[in-house]
Amino acid sequence: MYPVWEGFVLHSALVVALVAVAHVLFSHVTVAATWFNWWVERKALLQGKPYLYDYVKASALRLLVLAYTLGAMFGVGIWFSVTASNPRGISTLIHNFVFYWAAEWFWFIIDVFGIAVYYYTFGRVSPKVHNRIALILALAATGTLAIIVGILAFKLSPGRWLETGLSLDGFYNPTFWPMLFARFALMFALTALYALLVASSLPKDHPARQEVVPLAGKVGLVGLFLGVGLVLFWYVPALPNHAKTLLALPQVIQPVFYVKMLLGVAAMTVVFLLALRAPGWATRPWVPYGALALAFLALFGAERTREAVRKPDVVLGYMPSNQIIRVDMPARGVRREDEELNQEGVLGRLPFATAPGPKGAGPVAGVDPLQAGRALVVQQCSSCHTVSPQTAFLGGMRNLAALFYRRGITEAPAIRAYLEAIGGFPYMHPVVGAPEERDYMALYLAELVRTFYPTLAQGGER
Amino acid sequence: MSPETLLAMRDPLGAPVHPAALQLLLVVTYVLHIFFVTAAVGSLTLGLYALTRREENWKRLGHVAIRLAVQATGLGITMGIAPLLFVQVIYDPFWYTATTLMGLWTTLFIPVVALGYLFLYVLYLRGNVVGVGYVALGLLVLAGFIMHSLANAGLYPSRWVDWYAPGGVPDTAGVRFVGYDLGRFAALLFGQAGLSLGVSLLLFAWYFRRREDVPPGFLGFVEGVARGALRLGGILFALFGLLWAWGQGRELGMAVPVVLMALVLGALFYLHGLRVRSEGALSTLGLYLMALLGVGILREYLRAQAAFGQGYAVWQYPFTWDWGSLLFFLATGVAAVPVIVYLARVLYVSGSRPEGADPGPGVERLGDLGVRLLLGWFAFYLTLGLFVVARAALG
């Protein structure tokens with residue numbers, strides 16, 4: 001077990017979410033844009049339409065500067081933010097899939113090197129050779145998607161891996177196939193918005209603009225409806241039962257997230273229809289920019305929902321967010337850790353669950369109960385909840401003080417009883433630790449409520 | 001931190017191959033990563049200096065250096081993914097402890113790099129916004145310092161608990177830098193930046209020697225700057241290396257190897273910088289890559305020894321052969337490497353004439369093969385998936 005980074009101002013989980021959604025947006029655009037560019041360039045080559053190169057060049061420059069600086073890098077950014085916020089979670093993925101990621105690294109090299117070669121060889125090699133580079137870029141970019149989908153889907157549905165421990169079983173897991181095809185389709189919808197933005201940067205009477213806009217409308221509509229269809233009729237039915245249960249719980253997926261997703265889909269549909277019927281409107285920059293902003297919201301909703309339905313686990317059925325393994329996995333020699341921690345206590349067993357007191361005095365003896373409670377709450381709850389004023393920006397993330405205050409559970413005994421009950425919720429696991437340690441946690445949480453709601457400390461009412 | 005605790009922090013899943021293979025991959029990919037990173041820092045510094053000069057040759061070199069910095073940054077980041085992967089598998093207690101101790105900086109690392117990279121592009125595309133260039137350089141150096149601190153803090157398990165919980169109270173904000181060593185940082189970033197810049201400029205002068213539109217006088221000037229950069233890099237590497245030996249080297253009981261490395265490499269490249277010509281660019285590159293390999297091995301030796309001193313023998317990391325993942329990796333390598341070679345060949349040929357040039361038939365065939373290999377990879381990927389599904393269905 002490692003030290004805990006709660007976050008600074010922003011909660012660590014919120015940092016992960018923001019970086020992840022930015023990455024998804026940019027990377028999805030990048031992957032599909034390589035196909036779109038290849039197709040447009042192929043039209044230019046086969047149909048003798050050299051003016052289309054103006055569009056392809058404009059698109060390539062933006063991809064070079066934006067997609068590869070922001071898209072690719074924020075992918076690595078997810079990695080870093082998850083490493084800081086949930087090291088054992090990422091460790092599980094790395095130890096399983098290091099060579100899959102290393103394989104993806106080959107595609108990254110082609111992507112980053114390839115887009116530079118692609119951009120700098122415009123007009124310096126024959127159109128045929130250039131179009132081949134475009135195809136290489138598209139294939140390699142799709143390769144990155146193909147690999148990361150296996151790892152992403154694994155977290156939600158590790159499938160037979162839990163029995164066999166084989167990485168291939170984890171990679172080609174039950175939600176892998178629908179997620180692969182649904183993402184591949186949906187990224188064309190995002191790319192179509194990007195294509196409209198690029199086309200709108202060309203002069204109004206430019207023939208490439210007139211040709212690309214309706215093409216983007218068609219590609220966007222097909223990608224959007226195919227993607228949404230695949231999500232609804234293949235991905236959702238393929239979800240594990242646990243995830244399906246959580247999908248219906250408003251405590252886990254607030255209705256506002258469905259609204260965001262619907263809004264994003266509706267906005268994109270309207271813009272694509274405009275691209276087909278009223279191209280002049282579709283290329284007024286605020287129209288695709290507005291749709292892109294709503295698409296970002298929709299993505300936020302979708303990605304958050306995907307992450308939330310495996311609650312409270314990082315890898316469903318293997319490791320909860322508190323990073324304490326709860327199952328035996330004989331195939332890989334893994335033993336559950338919670339039982340031992342319940343018997344022997346957490347403070348003495350985890351090197352970084354530190355609380356003031358004489359060292360070597362046993363797991364629970366000789367410590368300041370409040371500080372001990374803080375260390376334990378930070379260790380077990382801070383992955384998902386704000387547990388101190390440090391991450392309380394704009395109220396924090398699922399702030400425990402606010403949660404208890406709302407429910408009228410403000411005193412240590414009541415909180416202690418609540419801690420015992422949470423193992424019964426489908427989105428929580430039981431608290432881990434010796435009985436005395438649970439007392440300490442309750443003491444700290446009661447103090448936390450008083451810190452956030454000082455009137456309680458003065459004997460005031462809720 | 002007791003040895004038992006340190007060993008218990010390893011991931012229970014173990015490694016997918018023998019740790020020696022991962023150590024080898026770690027060192028080799030580090031060489032590629034650090035070459036591009038230091039080339040980026042060196043060339044951006046040179047580019048910013050060149051922008052202050054009025055002479056034609058300096059102006060021209062400034063544009064070259066900034067363009068080089070842009071490409072080197074992109075490749076440096078990409079290459080960095082691989083060593084980062086491998087270090088997490090066999091040195092997980094060290095890496096994850098350091099990354100959470102400095103959590104804020106860990107999460108800021110990529111935004112800092114991305115912003116630096118964006119500013120660098122602004123400098124490249126606009127050409128004359130020097131202030132933006134300095135911000136970019138500052139951000140890239142900060143990113144280097146973050147990464148250095150993360151790598152270095154892992155070497156001191158005995159201080160981890162004190163760093164995390166001074167006085168027993170955990171500090172969960174992750175805002176402090178801990179465990180850095182300025183000598184090591186300066187030697188591996190600034191010393192090597194001079195050397196990487198020198199090698200890159202030599203390669204530039206060598207590549208453009210046949211282009212009739214590039215004046216020989218300019219190439220001679222670049223060659224001169226390259227020699228200067230090699231000499232300066234050699235001196236800096238030696239001086240900062242001695243500082244590194246004096247600090248971390250002494251602490252970890254490894255001052256002698258660090259001193260030897262600093263003096264040998266410093267002298268080697270200083271002397272090389274006195275006489276090398278652009279005709280010898282490729283052999284200089286080879287020599288430099290070998291030198292970086294030496295530095296990479298020294299770093300790994302240092303890390304392994306520091307860990308061993310704490311009771312953590314990295315070569316005893318538990319592992320089970322995971323053939324599925326190895327097959328996946330090798331198949332991807334077989335498909336990707338020819339494609340990378342093809343792209344490099346196209347770039348090489350297209351730059352050989354002012355108006356550009358098409359690659360020859362041999363390269364064309366390689367391109368066709370590359371596309372087929374990529375398509376073949378997707379066939380492999382999907383077939384492997386269907387095989388896994390079918391195997392599961394059959395029980």
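Out of B:G360, B:G385, one residue alone is small (G, A, S), within 12 Å of chain A (Cβ to nearest Cβ) and in contact with a Leu (Cβ under 9 Å, 6 or more places away or on another chain). It is B:G385. Taking (1) in contact (Cβ under 8 Å) with a residue 24 or more places away in the chain; (2) surrounded by fewer than 23 Cβ atoms within 10 Å (Cβ to Cβ); (3) more than 9 Å from chain A (Cβ to nearest Cβ); (4) assigned to a helix (DSSP H, G or I) in turn, B:V135 satisfies each apart from (1). Do we have any residue at all in region B:135-142 that's more than 20 Å from the chain's Cα centre (by Cα) and not acidic (D, E)? For region B:135-142, residues more than 20 Å from the chain's Cα centre (by Cα) and not acidic (D, E): present. If you go through region A:1-39 and keep only what is within 30 Å of A:R336 (Cα to Cα) and either of a type in the set (V, I, T) or outside any helix (DSSP H, G or I) (or both), you end up with A:M1, A:Y2, A:P3, A:V4, A:W5, A:E6, A:G7, A:H11, A:V15, A:V16.
Exactly one residue out of A:P203, A:P178, A:P158 is under 19 Å from the mean Cα position of the chain (by Cα), surrounded by fewer than 22 Cβ atoms within 10 Å (Cβ to Cβ) and either more than 8 Å from chain B (Cβ to nearest Cβ) or among the β-branched types (V, I, T) (or both), and it is A:P178. Within region B:345-355, the residues that satisfy the criterion of being surrounded by 13 or more Cβ atoms within 10 Å (Cβ to Cβ), without any contact (Cβ under 8 Å) to a residue 24 or more places away in the chain and within 9 Å of another protein chain (Cβ to nearest Cβ) are B:V346, B:L347, B:V349, B:S350. So, in region B:108-118, how many residues would count as being touching a residue at least 24 places away in the same chain (Cβ under 8 Å) and at the interface with chain A (Cβ under 7 Å from one of its Cβ atoms)? Qualifying residue count, region B:108-118: 3. Taking the criterion of being among the polar types (S, T, N, Q), within 19 Å of B:L120 (Cβ to Cβ) and more than 9 Å from chain A (Cβ to nearest Cβ), the only residue of region B:51-72 that qualifies is B:T52.
When every residue of region A:351-360 is checked against the conditions, at least one turns out to be under 17 Å from B:L6 (Cα atoms) and either of a type in the set (S, T, Y) or free of Cβ contacts under 8 Å to residues at least 40 places away in the same chain (or both).
Filter region A:401-457 down to residues that are in a loop (DSSP other than H, G, I, E, B) and among the aromatic types (F, W, Y) and give me whichever is modelled with the highest pLDDT. Out of the qualifying residues, it is A:Y453. Residues considered: A:I109, A:I151. Of these, the only one that is aliphatic (A, V, I, L, M) and more than 9 Å from chain B (Cβ to nearest Cβ) is A:I151.
Only residues that are closer than 30 Å to B:R211 by Cα and outside any helix (DSSP H, G or I) were counted in region B:344-395, giving 10. Residue-level check: of (1) part of a helix (DSSP H, G or I); (2) within 13 Å of another protein chain (Cβ to nearest Cβ), A:R42 misses just (2).
Before we move on, is B:W377 over 30 Å from A:P174 (Cα atoms) and either facing chain A (nearest Cβ under 10 Å) or loosely packed, with under 14 Cβ neighbours inside 10 Å (or both)?
no
The values are calculated or read from the model by the stated rules, or taken from the named source; none is laboratory data. Nothing here was measured: the structure is a model prediction, and the numbers come from that model. Quick reminder, even Gly has a Cβ in these numbers, built from the backbone with ideal geometry, and neighbours come from all protein chains shown.
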